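What follows is a single structure, written as structure tokens, with notes after it.
The values are calculated or read from the model by the stated rules, or taken from the named source; none is laboratory data. Bear in mind that the values here come from a model prediction, so they are computed numbers and not experimental data. Note that we place each Cβ from the backbone using ideal geometry, even for glycine, and neighbour counts take in every protein chain shown. For accessibility, only protein heavy atoms count, side chains too; no ligands or nucleic acids. Shrake-Rupley method; radii C 1.70, N 1.55, O 1.52, S 1.80 Å.
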Amino acid sequence: MPQYFDIIGDIHGHADALQALLQKLGYAQINGTYQHAEHKVIFLGDFIDRGLQQREVIELVKPMIEQGFALSVMGNHEFNAICYATIGPDGKPLRTRSNKNTEQHQAFLDAYPDESERSQLIEWFKTLPMYIELSEIRVIHASWNNNALEVLSPLLNEQRCLLDEHYATCSDKGSDAYNALETILKGPEVQLPEGVSFNDKDKNPRDQARLKWWHPEHFDVTDRLHLGDGLTNAHKLDQLQIDSDHSYPADHKPLFVGHYWRDGEPAPLSDNQNSACLDYSVAENGKLVAYKWRGEEKLDRDGFEW
């Protein structure tokens, strides 16, 4: 029988939702660990931050991964946690401990007040690979980009985990490594015209917009970008140049991502039916979503569960 996978989106400290979803998918707790005789979970990362059950989530997912009942990729929140805790060559944390960054990370810090215990968990985060590529599917946190993965390849070990010494490399803002890691963990972004900005979901002003890489190049630019209300072509958006490598071709194997805070009825990302986002905003009263992959080349609505 082929290996079947249940791919689960961003959890963000919501253990109750995860437990309910696993049970709905047919997993049972045996000797304290959720498992299934025929299926395996693949987590999309972002276990931590935002929700109030940080520790409970880790206590659930970590044994599943360590005992072989689940796989996982790294999310941007695990990467951020590592960099927040890591002192760089200049004697400063790789991720600035600003009010904004600390507030975003506070639920995790509160759940693990003991620095020694928190450090052990940070080391475990480092064992999460940047991506998973199997013979029939791909899994990555935000976007699959061959150019970015080529840049990162020399910085990864055989398990596709970022080598310790390259957390600083990938935190050097503006470097090729930084841009590549931003692309795969946070998604490609496009610089907006000078003077144009919008507020993101956390009310932070942004002068760059996330690209909907799953939309073909022939789509109007305003349909290819995550934008705030009120931004239109009147803001010269039609003049933006978008790199052609920021797309996912129709003939590529099924791809699963999280990260994008979607809402509504879960469905494949594009008409190509070869990509799906499983982040449906559980941290903002949305739902925790899984895709039950059973070997199909084309993804469909029936594969989603929540």
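Overview of results
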item: As computed over the chain, the Cα convex hull volume per residue (Å³); result: 141
item: Relative packing of peptides 246-252, 70-76 - highest average C-beta neighbours within 10 Å first; result: 70-76, 246-252
item: Net charge contributed by nearby residues that have their C-beta within less than 11 Å of Ile42 (K/R +1, D/E -1); result: +1
item: Quotient of Cα Rg and 2.2 N^0.38 Å for region 166-218, N being how many residues it contains; result: 1.30
item: Note, ³J(HN,Hα) from phi for region 141-155, Karplus 6.51, -1.76, 1.60, rounded to Hz, x at Gly and Pro; result: 5, 10, 7, 9, 9, 4, 5, 5, 5, 5, 5, 7, 3, x, 9
item: Value of relative contact order over the chain, rounded to a whole percent, pairs C-alpha under 8 Å and six or more apart; result: 20
item: For region 1-71, size of Cβ-based charge dipole, Lys and Arg +1, Asp and Glu -1, in debye; result: 80
item: Per-residue HN-Hα couplings for region 49-56 [Karplus 6.51, -1.76, 1.60; θ = phi - 60°; Hz; x = Gly/Pro]; result: 6, 6, x, 9, 10, 4, 5, 5
item: Convex hull volume per residue in cubic angstrom - Cα atoms of region 107-230; result: 161
item: Computed helical MRE - 222 nm, the chain, DSSP H runs ≥ 4 contributing -39500 (n - 2.57), nearest 500; result: -7500 deg cm²/dmol
item: Amide proton proximity set for Leu255, modelled H, under 5 Å, gap of 5+; result: Arg138, Ser275, Ala276
item: Assigned charges on the beta-carbon of Lys, Arg, Asp, Glu; the chain dipole about Cα centre (debye); result: 320
item: For Ile30, solvent-accessible area (1.4 Å; no DNA, RNA or ligand), Å²; result: 80
item: Per principal axis, descending, Cα span of region 67-145 in whole Å; result: 42, 30, 24
item: Dipole-positive endmost among Ser275, Ser175, Gly88 within the chain (Cβ charges, Cα centre); result: Gly88
item: Solvent exposure ordering (accessible area, 1.4 Å, most first) of Thr33, Thr127, Thr222; result: Thr127, Thr222, Thr33
item: Loop-exposed trypsin sites (Lys or Arg not before Pro) per DSSP, neighbour cap 12 Cβ within 10 angstrom, longest uninterrupted part of the chain; result: 1-96
item: Simple spin-label estimate for Glu59 and Asn199 in nanometres, 7 Å along Cα-Cβ; result: 3.8
item: Shape of region 135-182, Cα gyration tensor, a/c cut at 1.5; result: oblate
item: Charged-residue dipole, Cβ positions (Lys, Arg, Asp, Glu), region 1-149 about Cα centre, Debye nearest 20; result: 260
